[in-house]
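Okay, structure first, notes after.
The values are calculated or read from the model by the stated rules, or taken from the named source; none is laboratory data. These numbers come from a predicted model, not from an experiment. When we count neighbours, we look across all protein chains shown, and the Cβ atoms used for this are built from the backbone with ideal geometry, even at glycine. These area figures cover heavy atoms from the full protein model, side chains too; ligands, DNA and RNA do not enter into them. Shrake-Rupley method; radii C 1.70, N 1.55, O 1.52, S 1.80 Å.
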Amino acid sequence: MSAVRALRQLSAVSSRVSCVRAASLSARSRLVSATVPVAASRAFSVSSRSLGQGTTDGSLSNKLSEELKYETQAVEGAPAVPEFLKKFKEQGVWEIEDLPYHDEVTLSRKFGNENLRLMFSIVDIRAEEAEDFENEEAVAEENEEQEHDALDVYPIRASLSITKDSVPGALTVDMSCQEGQFMMDNVSFYRDGKLATELTAEADWKRRGLYMGPQFETLDIGLQEEFEKFLQERGINESVALFIPEYAEWKEQAEYVKWLESVKGFVDA
């Protein structure tokens, strides 16, 4: 979320640490704090029209308006499609499946007779930022360069599923991407390929009783290297590992703005 909101939170930490709200603060937005100063005065008048049925509706609506103003101000003038996303699409390797108001994003592609689906979520960004916020006083004492480095190292979990058109079953790889590389946790095989791709509660229940394979780091080093080559050949490489965190941050900011708009619209109705 915006640099301005991050700065407002930082200034308030020392006086009211115990009542800090657990809001997610976008790592990317905090980096622009030097160019988006906090306004000296933020006066928002209470709307004269009726807001819901409560006495606090007006003040909540005003606070939401304040947040929305600063979030949109932070990205004012930015292109609708950022340059990093434009370049990724121009490669023509992966298709991006991204539904508004959802946490998860899926990259999909064909490789021979294989169907690859690489899924990741923006939840990891929110979790990391909530943890960072608990240590805002310490972070505030560091210089901007150190803060930038600290914010760029959080891992984002990802899950790859590989199915074949004419062969039953599915291979899945649970991993995380960090600092431009993928780190595998384990490789699993499902005899029923649907269990690897379905996101229903029933499928999740069935997966719990299955053997998911050993921890990747416990495998023979030579076998680990062959799995890494296997994924590299299918496009699970540095380019994608760098793209995922950047896209997750961009999506998180967009989803937060939509959330503010939706909540304010509901409160004002």
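A few points about this structure:
- Residue within the range 168-188 that is exposed (fewer than 15 other Cβ atoms within 10 Å of the Cβ), of a type outside the set (Gly, Ala, Ser) and either in contact with an Asp or Glu (Cβ under 6 Å, 6 or more places away or on another chain) or at positive phi (or both) present: yes
- Matching residues, the range 196-210, being under 25 Å from the mean Cα position of the chain (by Cα) and in a loop (DSSP other than H, G, I, E, B): Glu198, Leu199, Thr200
For every residue, the table says whether it meets (1) part of a loop (DSSP other than H, G, I, E, B); (2) open to solvent by less than 90 Å² (accessible area, probe 1.4 Å); (3) at pLDDT 90 or above; (4) not small (Gly, Ala, Ser).
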residue: Gly54; (1), (2), (3), (4): yes, yes, no, no
residue: Ser59; (1), (2), (3), (4): no, yes, yes, no
residue: Leu64; (1), (2), (3), (4): no, yes, yes, yes
residue: Gly77; (1), (2), (3), (4): yes, yes, no, no
residue: Leu85; (1), (2), (3), (4): no, yes, yes, yes
residue: Ile96; (1), (2), (3), (4): no, yes, yes, yes
residue: His102; (1), (2), (3), (4): yes, no, yes, yes
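- Residue in the range 30-47 that is surrounded by 15 or more Cβ atoms within 10 Å (Cβ to Cβ), at pLDDT 90 or above and not basic (Lys, Arg) present: no
- Residue list for the range 163-202, restricted to those being over 28 Å from Glu238 (Cα atoms) and acidic (Asp, Glu): Asp192, Glu202
- Of all residues in the range 211-259 being assigned to a loop (DSSP other than H, G, I, E, B) and either at pLDDT below 95 or β-branched (Val, Ile, Thr) (or both), the one that is most open to solvent (accessible area, probe 1.4 Å): Tyr211
- Selection count where residues are open to solvent by less than 60 Å² (accessible area, probe 1.4 Å) and in contact with a helix residue (DSSP H, G or I) (Cβ under 7 Å, 6 or more places away or on another chain), scope the range 189-210: 4
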